[in-house]
Amino acid sequence: MRFPNDTAFHMKMAALVIVSLFVEHNAPRWLPNWSAPQIGVITFVLGLAWVTLFAAHHANATQERIRVLEDRLERTNQLAEMLADETRQRRSLPPM
């Protein structure tokens, strides 16, 4: 599903990845005592789980919002049709 702002989000994230790669590559030159952090498998898996759970929560919330908006739209369409029928009925000729 596409969201209105996902292109800007992906562009920002891509820029952050490129900048982080540049900084990671040049960090030993800029900071003599720099050493890249060692990340464990458990930490990595927990991070991925966190991202996955956040994405699932966002998807569920968005789906619920879409359902609510579809219901509102349906009720609004029914009201508009009812008002249009009422207007046609008032404008029609009286029975003879």
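Around residue 82, under 14 Å between beta carbons, what's the net of Lys plus Arg minus Asp minus Glu among the other residues?
-1
Calculate, for residue 55 and residue 87, the FRET efficiency according to 1/(1 + (r/R0)^6) with r their C-beta to C-beta distance and R0 41 Å; round to the nearest 0.05.
After rounding to 0.05, the efficiency reads 0.30.
How far, in nm, would the chain grow between residue 35 and residue 65 when pulled straight, counting 0.36 nm per residue and subtracting the alpha carbon separation?
So the chain would gain 6.2 nm between residue 35 and residue 65.
Taking the chain as the reference, fit the longest principal axis to its C-alpha atoms, fit the long axis of helix 41-91 to the helix C-alpha atoms, and give the angle between the two in degrees, 0 to 90, nearest 10.
The two axes meet at around 10 degrees.
Relative to the longest principal axis of the C-alpha atoms of the chain, give the angle of the C-alpha long axis of helix 6-30, reported between 0 and 90° and rounded to the nearest 10°.
10
Can you give the helix-only mean residue ellipticity at 222 nm for the chain, where every DSSP H stretch with n ≥ 4 adds -39500 (n - 2.57) and the sum goes over all residues, rounded to the nearest 500 deg cm²/dmol?
Calculated at 222 nm, the ellipticity per residue is -29000 deg cm²/dmol.
Throughout, read-outs are computed from the coordinates displayed, never taken from laboratory work. Being a predicted model, the structure only gives us computed values, none of them experimental. As a convention, Cβ positions derive from the backbone with ideal geometry for all residues, glycine included, and neighbour counts pool all protein chains shown.
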